[in-house]
Amino acid sequence: MLLLRLCSLLGAATLTVQGNFDGVLVDTRVLEAAVKKFLNEQDELFSSQCAKTLSASWDYQTNITSYNMIRLLAAQEDYKTLQKVSWVMVGRWRAMHRYLQDPAIMRQLEAMSVLGPAALRTEYLSKYTNTVRGMTAVYTSATVCNYHRPYQCDLTLERAKKILRNSRDPKELAHVWRTWRVNTRKIRRAYPRFVRLANHAALANHYASKDELELFEYGGVDFKNQMAEAWEQLKPLYLQLHAYTRRKLRQVYGSQVVSERGPLPVHLLGDMWGQQWKISKLIMPYPGKRYPNVTNRMRKQRYTPTLMFKVADDFFSSLGLPRMPPSFWRDSLLQKPHDREVVCHSSAWDLCNGQDYRIKHCAEVSEEDLASAHHEMAHLQYFLHYRHQPYAYRQGANPGFQEAVGHTVEMIAATPRHLYRLGILRRLEEDPEADINFLLQVALDKLTFMPFAYLMDLWRWRVFDGTYEESEWNCAWWDLRYNVQGVKPPILRTEDDFDPASKYHVDADLSYTRYFVGFVLQYQFHKALCIKAGQYGWNSAIPLHKCDIFRSTEAGKALRDMMQLGSSRPWPEALQVLTGQREMDASVMREYFRPLEDWLRKDNARHGEYVGWRSDGEYCVYKKPFLMQPTIHSSTIIHHKDDPILQVN
Ligand code: X8Z
Ligand code: ZN
């Protein structure tokens, strides 16, 4: 039976003696030639279907109409069908691994052997898709009520985020923080079903659990230990930043709100999830010593969105990397059009035909968008460099690599030194106090993210493998938030709440490991490029945070050598090509922030600040005592009793 299917797969190749397969003699060379033919055919099929799907997706995202939506759904269906058929055939080829000696063939088959949820049987796949779609829909349609006008309940997440960033009223901050969670917590009813289906999907892919499936791209579950080690490396610096932040916030809000030794109240950190603390203006060590924001200068110099991307193109060209092809300038969407509705979230596109590379970005002339233009174009450089690879390898060495390249270039583009070289910043003063301000601002964005990014998947993995009982999901979340991040909620949480669901990536089933990895690698890439550019090393006077690789073709070559591998080699090899290291190493991030860490240590010691945190109350209980129920006006809660996604079992 197997042989028949095998023969049809091989195109009935003539088999001669070499190995023994269920009584049939197999010639390895003939078999390998047949697999190569299969892989080449798959490559063409996938490239062509990918081009159709992405072209339909581009049309939809840059012109939201129902016609474009229908075209996109049809293309996605065709793509899924191709994936499933191919996956079944890949499984059969892999079953013959004993007779395949070429490791390159085995690697490519292995790369094609993980399908994700699409491996589920049709009825389970549609349950899975509907569940995730439903959870995402609850998230995207959730709103928040105005604190000052409680009957106005149409504040979008974007508005809510702005309030969290700008308000200084702890009551208003707590209100916005809490109501966002009130309106996303019903996702809890769908989550057990999602967990069951996600675990089924792992099994269908021949993995014991969802974490194993997710970590396949990182080389296996041992990667969890590497993440834990990276976090241990960063902890001493994080503790110093945490202690400094607590003292400064205490000055602003008083010790009634921010206790001397407690965890940080998460709603005071300028961010809906306390993931990247947007409070640099509030806690700046040397107010008045900031590097000026150059947005106004750029406007005076008549920058346009297109010009920002030309500047980014010049940056890569100065490294000896290719310029964007003419079609990029013709087909990209670089600013928001006014004649149609578009999805504005910025993204970089590889349309799978080896020629068509685009960016979609509703850019405005600003310092931030200039940095984003570099970030997005770095993704295109990665695409361009691995375009000769088979379809299965046209991606970063692991999912963190793509983001790390983007972040590295973005970080360089935002340094005062680079802005000065571009003629955007007028003067470049050497001022150690402005430097500390600059590093603190970067640390509030990058370093504070690390414990959050770490615990996001830690919590999910423990949910998936059953370490956490369903009845303790929310309090387990707060245990991690307290223990890893040192933050606490503004009000007591219970198991009626479901705070992880307040984060999009939980509802949309998007792994967070890529961000953790991307942030660590970014510093490794940065240091390696600075060394190649001759700007950092044992005799260099330039600190890591001031290096600018602009015009260094050596740095460009190192980046090219790594990017062109795509995922054709295990990621430690790709890392070695660029950095000489084979492991994720968070000590480089410590090195980057060394001047800040020294400063923080002195400052915390000078003020006798306690480093670390101790519990200063109860943060989560299984059931709230009746008297402690917060009074929420009924209009702040959106009831969805009839919500179909929450009815399915
Ligand atoms: O989701 C994102 C990107 C899209 S891949 C905007 N990020 C994470 C988040 O917002 O939570 C980037 C950093 C972390
Ligand atoms: Zn990116």
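Each reported figure results from applying straightforward, stated rules to the coordinates on display, with no laboratory input. Being a predicted model, the structure only gives us computed values, none of them experimental. As a convention, Cβ positions derive from the backbone with ideal geometry for all residues, glycine included, and neighbour counts pool all protein chains shown.
Tell me which GluC sites (Glu not before Pro) from segment 572-612 have a DSSP coil assignment and no more than 16 other beta carbons within 10 Å of their own.
Answer in residue order: GLU583.
Find the centroid of the Cα atoms in segment 110-126 and in segment 352-383, then give the distance between the two in whole Å.
Centre-to-centre (Cα) distance: 31 Å.
If each of ARG168 and ILE64 carries a label point 7 Å out from its Cα toward its Cβ, how far apart are those two points in nm?
Between ARG168 and ILE64, the simple spin-label model gives 3.6 nm.
Given LYS446/LYS546; LYS162/LYS281; LYS171/LYS488; LYS161/LYS186; LYS310/LYS527; LYS162/LYS289, which pairs have Cα atoms separated by over 18 Å?
The answer is LYS161/LYS186; LYS310/LYS527; LYS162/LYS289.
Distance from the Cα centre of segment 255-318 to that of segment 553-602, in angstrom?
That distance is 24 Å.
Angle check, please: helix 594-606 long axis (alpha carbons) against the longest principal axis of the chain (alpha carbons), in degrees 0 to 90, nearest 10.
Value to nearest ten degrees: 30.
Give the dimensionless ratio obtained when the Cα radius of gyration of segment 443-501 is divided by 2.2 N^0.38 Å.
1.14
Which pairs in the list LYS336/LYS532; LYS127/LYS503; LYS503/LYS557; LYS224/LYS360; LYS300/LYS360 are over 27 Å apart, alpha-carbon to alpha-carbon?
Too far apart for the 27 Å limit: LYS336/LYS532; LYS503/LYS557; LYS224/LYS360.
Straight-line reach from LYS235: which aspartates and glutamates have Cα under 16 Å away, leaving out those fewer than 8 places along the same chain?
Reachable aspartates and glutamates: ASP445, ASP585, GLU591, GLU597, ASP598.
Cα axis of helix 449-464 to longest principal axis of the chain: angle in degrees, 0 to 90, nearest 10?
Orientation of helix 449-464: about 50 degrees from the principal axis.
Under 24 Å from the Cα of LYS36, which lysines turn up, not counting those fewer than eight places away in the same chain?
Excluding near neighbours in sequence, the set is LYS80, LYS84.
For segment 50-115, what relative contact order do you get, as a whole percent, if you take Cα pairs closer than 8 Å and at least 6 residues apart?
Reported relative contact order: 29 percent.
When a footprinting reagent is the concern and you count Cβ atoms within 10 Å, what order do ILE359, ILE105, ILE412 take, fewest first?
Values: ILE359 24, ILE105 18, ILE412 21.
By the 10 Å Cβ count, ascending, the order reads ILE105, ILE412, ILE359.
How far is helix 432-446 tilted, in degrees, relative to the longest principal axis of the Cα atoms in the chain, given as a value from 0 to 90 rounded to the nearest 10?
So the inclination is approximately 50 degrees.
Simple spin-label model, 7 Å along Cα-to-Cβ: VAL343 to ALA104 in nm?
Taking the simple label geometry, VAL343 and ALA104 are separated by 3.6 nm.
List the chymotrypsin sites (Phe, Trp or Tyr not before Pro) in segment 111-151 that DSSP assigns to loop (not H, G, I, E or B) and whose Cβ has at most 13 other Cβ atoms within 10 Å. Which are they? Each step should come with its number before you reach the end.
Working: sites: TYR124, TYR128, TYR139, TYR147, TYR151; in loops: TYR147, TYR151.
Qualifying residues, ordered by number: TYR151.
Mean separation of Cα pairs under 8 Å and 6+ residues apart, divided by the residue count of the chain: what relative contact order is that in percent?
19 percent
Sort GLU172, GLU217, GLU41 so that the residue with the fewest other Cβ atoms within 10 Å of its own Cβ comes first and the one with the most comes last.
Going from least to most buried by this count: GLU41, GLU172, GLU217.
Ignoring solvent entirely, what values of log10 I(q)/I(0) come out of the Debye formula for the chain at 0.05, 0.06, 0.08, 0.09 Å⁻¹ when each Cα is a single scatterer?
-0.25, -0.37, -0.66, -0.85
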